[in-house]
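Working notes, beginning with the structure itself.
The values are calculated or read from the model by the stated rules, or taken from the named source; none is laboratory data. Everything numeric here is computed off the predicted structure, so don't read it as measured data. No Cβ is skipped: glycine too gets one built from the backbone with ideal geometry, and neighbour counts run over all protein chains shown. Quick note on the areas: whole protein, heavy atoms, side chains included, nothing else; ligands and nucleic acids left out. Shrake-Rupley method; radii C 1.70, N 1.55, O 1.52, S 1.80 Å.
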Amino acid sequence: MRTVLSSIAALSLLTTAAQAAPRMTSEEKLAKALEGREAGKPVDCIYQRDIRSSRIYDRTAILYELNNGTYYLNRPDAGAQSLSWGDVLVTDTHSSQLCSIDIVKLYDTHPWMQSGFVNLGKFVPYKKVKVARSE
């Protein structure tokens with residue numbers, strides 16, 4: 001019984017500490033994900049076959065990671081307020097590329113219902129900054 005009470009007390013303290021910690025905004029989370037990377041010249045399209053993963057930043061942007069390690073940040077031209085980290089991105093493209101003119105549908109994973117859509121903007125590449133060695 002003592003073990004159960006100790007576990008409940010510890011869990012209560014952890015929950016309280018987690019609630020007291022300030023939450024990061026989507027912009028802060030995005031800045032953290034892009035740390036150590038430098039923005040390049042925006043492009044209109046990226047090849048779908050090169051996309052390794054994508055991450056949604058609530059009401060802000062989509063970050064695509066490509067197979068070569070480059071990140072491409074897309075801040076939608078319209079519909080960004082619909083972006084939610086728990087959504088699934090569904091694209092209906094008619095080429096091998098995902099482009100700034102494409103519309104991406106957002107589906108909520110639990111009831112599997114469309115929760116919105118975004119009109120993609122330009123893709124800004126972010127590559128790792130090479131650190132110069134001092135000798």
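Ligands, DNA and RNA are left out, and with a 1.4 angstrom probe the accessible area of the range 44-99 is 53 Å² per residue.
Each residue of the range 22-28 is assigned a 3J(HN,Hα), and the resulting list reads x, 7, 7, 6, 4, 5, 5 Hz, derived from the Karplus form 6.51 cos²θ - 1.76 cosθ + 1.60 (θ = phi - 60°), x at Gly and Pro.
Does the range 25-135 come out rounded, prolate or oblate, given a ≥ b ≥ c as the square roots of the eigenvalues of its C-alpha gyration tensor, rounded meaning a/c under 1.5 and, failing that, prolate meaning a/b above b/c? Numbers along the way, then the final one.
Numbers: a/c = 2.20, a/b = 1.59, b/c = 1.38.
Since a/c reaches 1.5 and a/b is larger than b/c, the shape of the range 25-135 is classed as prolate.
Could you check the simple spin-label distance between residue 112 and residue 53, using points 7 Å along Cα→Cβ, in nm with one decimal? Between residue 112 and residue 53, the simple spin-label model gives 2.4 nm.
Of the residues 118, 129, 43, ranked by 1.4 Å probe accessible area with the largest first, the sequence reads 129, 43, 118. Sequence-ordered 3J(HN,Hα) estimates for the range 55-64 from the Karplus curve with 6.51, -1.76 and 1.60 and θ = phi - 60° stand at 10, 9, 10, 2, 6, 10, 6, 10, 10, 9 Hz, glycine and proline given as x. Under the criterion of Cα pairs below 8 Å and six or more residues apart, the relative contact order for the range 63-117 equals 28 percent. Taking all protein chains as they are arranged and a probe of 1.4 Å, the heavy atoms of residue 123 leave approximately 0 Å² accessible to solvent.
Computed on protein heavy atoms with a 1.4 Å probe, the accessible areas place 85, 112 in the order 85, 112, largest first.
Amide H contacts of residue 59 (H built 1.01 Å from N, in plane; Pro and chain starts excluded): 83, 84 sit under 5 Å, all sequence-distant by 5 or more or on other chains.
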